[in-house]
Amino acid sequence: MAHSVAEPVPTIAPLSPPSPPPTDRPLHTLPAPFTTSNLQLLAQGAEALVYKTTFLTPNTPCVVKYRPPKPYRHPILDKRLTKARLLAEARVLVRAGREGVSVPRVLGADWEGGWLVLSWVGGGSVRQVLDGWAERVKRGEQKAEQALMDGEILDLMRRIGRCVGRLHDIGISHGDLTTSNIMLQSPSQESGPQPPLGGEITLIDFGLASHITPNSADEEGAVDLYVLERAFAATHPAAEPLFQEVLKAYSESWKGAKSVMKRLEDVRLRGRKRSMLG
Amino acid sequence: MIAIGLEGSANKIGIGLISHPHPSKPPIVLANLRHTYNSPPGEGFLPKETAIHHRTWVVRLIKQAVKQAGVKIEDIDCICYTKGPGMFAPLQSVALAARTIALLWGKPLVGVNHCVGHIEMGRAITLANNPVVLYVSGGNTQVIAYSSNRYRIFGETLDIAIGNCIDRFARTLMIPNDPFPGYNVEQLAKHGKNLVDIPYAVKGMDASFTGILAAAEVLAKSIGENVPEDKRLKNEGGEFITKEDLCFSLQETIFAMLVEITERAMAHVGATQVLVVGGVGSNVRLQQMMGLMARDRGGSVFATDERFCIDNGIMIAHAGLLEWGTGVVTELEDSWCTQRFRTDEVYVGWRDD
């Protein structure tokens, strides 16, 4: 406090942007047995490049989830995270599938190479459904209250709630439960612009999923719901009431749901606690 | 339009004057002064002492800034101050100064959200149009994206802020606070080469940092000259782990967590640009890691330097002037300040995309 002069930060010159960093993208090369031929990039998620291709036979569509080394991460940390997450994902998927939750089947994996082959999930995501719904509300084709009364979309919300409930009931937390990771699988295996609302709900992207231990069950479950709640709120401000329907169905879906819901209130408060300091 | 901004939500007091010549022209910085309260090594800054520091400096900084800007008092359109979030005592002393000059000069007040100040300053400097914003400072860790007139928070810390984690980590290792702990950790990290296992906790788009502090306490006790040789931490080759290695490992781990949650938010909203703001945003290693991530997504990272990254008066003046332009004025009786003020509470009336 004893400094006698203020730090000089005099800047009279107009603000100018810094030179943009280089943006040339390196090509990721997939490890064997995959080649770039016959591959179609579906998505670049936060961790993995997701390709559609065929596996074993030319007419078995599948998804290859390739986790390329992250150039920004220290190689040791990168290897540790890739291996742990890939194996965890495969184990969780196998278990969830066995317990009757609709998830992609695991067809193959290589944790050194960083790839995982999963069965193909057709249809579209709940995010697409909600975007379409929010767009219609925005355009004024449907009043928000009317749109909320729409039985089909409410039924969809309930089924989402029950599906998440079932997942938690068998002791698995998803870890990144956003609306993009909840798919509506149509029987025809075709992906159209709008997935059918009545399609089977399939959960995908178990990259951050984990087995829940009894003493962390409420916490993990509540964080799942919190992430989903915020995905609803952040992507579709108009769709926030729809989430109430998800919660309602969830709370009736399994015996542990009540205490998870109670914990959700804590998680919300704790999330909000971060407004404290500047 | 010219505004003066007063910022003092943490251990820095910043006074800035900015001019918005025309909506289509870039803003002009007229003056940007700052003074930092540094606590001794091993200690953090406490509200009371920080407030005394701000009260000691506010008058001469305002005088100096106005003089440097070369403007007349009557040319100033509004007085912007930090309403929150922040430490209450420092906030209050600066809000009091703002009220005083508002009455003295007969000018309207505009209360500004500190986080929005960082975001708008970052956007103005970098010309990043609609980026995902990573706001990382001593008190905040948020991943923010704009949607329907709000800066919405996609991911944030579940416990303590990243800067707080770095500061306390530095304190455990008795790293000095001058100019600021994060800077000293960054310099030490440049000489580190061994990666020590530090808890990596990411949940969806959120992250947790408290486990790192617990780990740091244990690690700090197993390095250094005065620890018996058989108890000292070694790498696989038998070399001793140093303070530099710990700083290096800390940065590699926590920044990887930040880059990961930012990337997840970018993947979710489909953005390719990312803007890093806040004091921790001036860390070159973080900017570099973020740049590598953005490049792989076909985008780019925008970062500001320490003049505008670290808390300053200009950002408050800039965001306040934008808000004032939409007709928002804080009446004298509403000119309080608050520790809790969410980024998404502010109606962003000056953007229409």
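Quick notes on this one:
- Residue tally, condition open to solvent by 20 Å² or more (accessible area, probe 1.4 Å) and among the β-branched types (Val, Ile, Thr), over segment B:309-329: 3
- From the list A:Leu39, A:Leu87, A:Leu130, A:Leu118, the lone residue that is under 23 Å from B:Glu260 (Cβ atoms) and either open to solvent by less than 30 Å² (accessible area, probe 1.4 Å) or in contact with a Lys or Arg (Cβ under 8 Å, 6 or more places away or on another chain) (or both) is A:Leu118.
- In segment B:133-169, the residue that is least open to solvent (accessible area, probe 1.4 Å) out of those that are more than 10 Å from chain A (Cβ to nearest Cβ), in contact with a Gly (Cβ under 7 Å, 6 or more places away or on another chain) and not aliphatic (A, V, I, L, M) is B:Tyr135.
- Here segment B:116-126 is the region considered, the condition is being facing chain A (nearest Cβ under 7 Å) and buried (at least 24 other Cβ atoms within 10 Å of the Cβ), and the residue that is modelled with the highest pLDDT is B:Ile125.
One line per residue, one yes/no per condition, for (1) of a type outside the set (Lys, Arg); (2) closer than 28 Å to B:Ala201 by Cβ; (3) surrounded by fewer than 24 Cβ atoms within 10 Å (Cβ to Cβ); (4) at the interface with another protein chain (Cβ under 7 Å from one of its Cβ atoms):
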{"site": "B:Val259", "(1), (2), (3), (4)": "yes, yes, no, yes"}
{"site": "B:Ala271", "(1), (2), (3), (4)": "yes, yes, yes, no"}
{"site": "B:Val277", "(1), (2), (3), (4)": "yes, yes, no, no"}
{"site": "B:Gln287", "(1), (2), (3), (4)": "yes, yes, yes, no"}
{"site": "B:Leu292", "(1), (2), (3), (4)": "yes, yes, yes, yes"}
{"site": "B:Arg295", "(1), (2), (3), (4)": "no, yes, yes, yes"}
{"site": "B:Gly298", "(1), (2), (3), (4)": "yes, no, yes, yes"}
{"site": "B:Ala303", "(1), (2), (3), (4)": "yes, yes, no, no"}
{"site": "B:Arg307", "(1), (2), (3), (4)": "no, no, yes, yes"}
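- Segment A:226-263: number of residues that are in contact with a Phe, Trp or Tyr (Cβ under 9 Å, 6 or more places away or on another chain) and outside any helix (DSSP H, G or I): 1
- Scope segment A:222-257; condition among the hydrophobic types (A, V, I, L, M, F, W, C) and modelled with pLDDT of 90 or more; matching residues: A:Ala222, A:Leu225, A:Leu228, A:Phe243, A:Val246, A:Leu247, A:Ala249, A:Trp254, A:Ala257
Per-residue answers, yes or no, for (1) open to solvent by 90 Å² or more (accessible area, probe 1.4 Å); (2) out of contact with any Pro (no Cβ under 9 Å at 6 or more places or on another chain); (3) at pLDDT 65 or above:
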{"position": "A:Pro20", "(1), (2), (3)": "yes, yes, no"}
{"position": "A:Asp24", "(1), (2), (3)": "yes, yes, no"}
{"position": "A:Gly45", "(1), (2), (3)": "no, yes, yes"}
{"position": "A:Val50", "(1), (2), (3)": "no, yes, yes"}
{"position": "A:Thr53", "(1), (2), (3)": "no, no, yes"}
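- A single member of B:Leu96, B:Leu188, B:Leu103 is out of contact with any helix residue (DSSP H, G or I) (no Cβ under 7 Å at 6 or more places or on another chain), touching a residue at least 40 places away in the same chain (Cβ under 8 Å), in a helix (DSSP H, G or I) and open to solvent by 20 Å² or more (accessible area, probe 1.4 Å), and it is B:Leu103.
- B:Glu345 being surrounded by 24 or more Cβ atoms within 10 Å (Cβ to Cβ), more than 17 Å from the chain's Cα centre (by Cα) and among the charged types (D, E, K, R): no
- Only one of B:Asn129, B:Asn113 that is more than 8 Å from every other protein chain (Cβ to nearest Cβ), surrounded by fewer than 24 Cβ atoms within 10 Å (Cβ to Cβ) and polar (S, T, N, Q): B:Asn129
- Only one of the listed residues (A:Asp169, A:Asp150) is charged (D, E, K, R) and at pLDDT 80 or above. That residue is A:Asp169.
- Positions within segment B:259-305 being under 28 Å from A:Ala233 (Cα atoms) and basic (Lys, Arg), in sequence order: B:Arg264, B:Arg297
- Residues that are open to solvent by 60 Å² or more (accessible area, probe 1.4 Å), within 20 Å of A:Asp205 (Cα to Cα) and part of a helix (DSSP H, G or I) within segment A:56-83 comprise A:Lys79, A:Arg80, A:Lys83, listed in sequence order.
- Candidates A:Val137, A:Val117, A:Val121, filtered to the one that is part of a loop (DSSP other than H, G, I, E, B) and hydrophobic (A, V, I, L, M, F, W, C): A:Val121
- Looking only at segment B:209-236, and only at residues there that are within 14 Å of chain A (Cβ to nearest Cβ), part of a loop (DSSP other than H, G, I, E, B) and out of contact with any strand residue (DSSP E or B) (no Cβ under 7 Å at 6 or more places or on another chain), the one that is surrounded by the fewest Cβ atoms within 10 Å (Cβ to Cβ): B:Glu236
- Residues that are surrounded by fewer than 21 Cβ atoms within 10 Å (Cβ to Cβ) and in a strand (DSSP E or B) within segment B:73-90 are absent altogether.
- Taking segment B:3-29 as the range and being within 9 Å of chain A (Cβ to nearest Cβ), under 23 Å from the mean Cα position of the chain (by Cα) and surrounded by fewer than 24 Cβ atoms within 10 Å (Cβ to Cβ) as the test, the residues that pass are B:Pro26, B:Pro27, B:Ile28.
- The residues of segment B:271-313 that are in a helix (DSSP H, G or I), under 27 Å from B:Ala69 (Cβ atoms) and modelled with pLDDT under 95, listed by number, are B:Gly279, B:Gly281, B:Ser282, B:Glu306, B:Arg307, B:Phe308, B:Cys309.
- Any hit, segment B:126-145, residues being part of a helix (DSSP H, G or I) and in contact with a helix residue (DSSP H, G or I) (Cβ under 7 Å, 6 or more places away or on another chain): no
The values are calculated or read from the model by the stated rules, or taken from the named source; none is laboratory data. What you are looking at is a predicted structure, and each value in this text was computed from that prediction instead of being measured. When we count neighbours, we look across all protein chains shown, and the Cβ atoms used for this are built from the backbone with ideal geometry, even at glycine. Note: accessible area is taken over every heavy atom of the protein model, side chains too, but ligands, DNA and RNA are not part of it. Shrake-Rupley method; radii C 1.70, N 1.55, O 1.52, S 1.80 Å.
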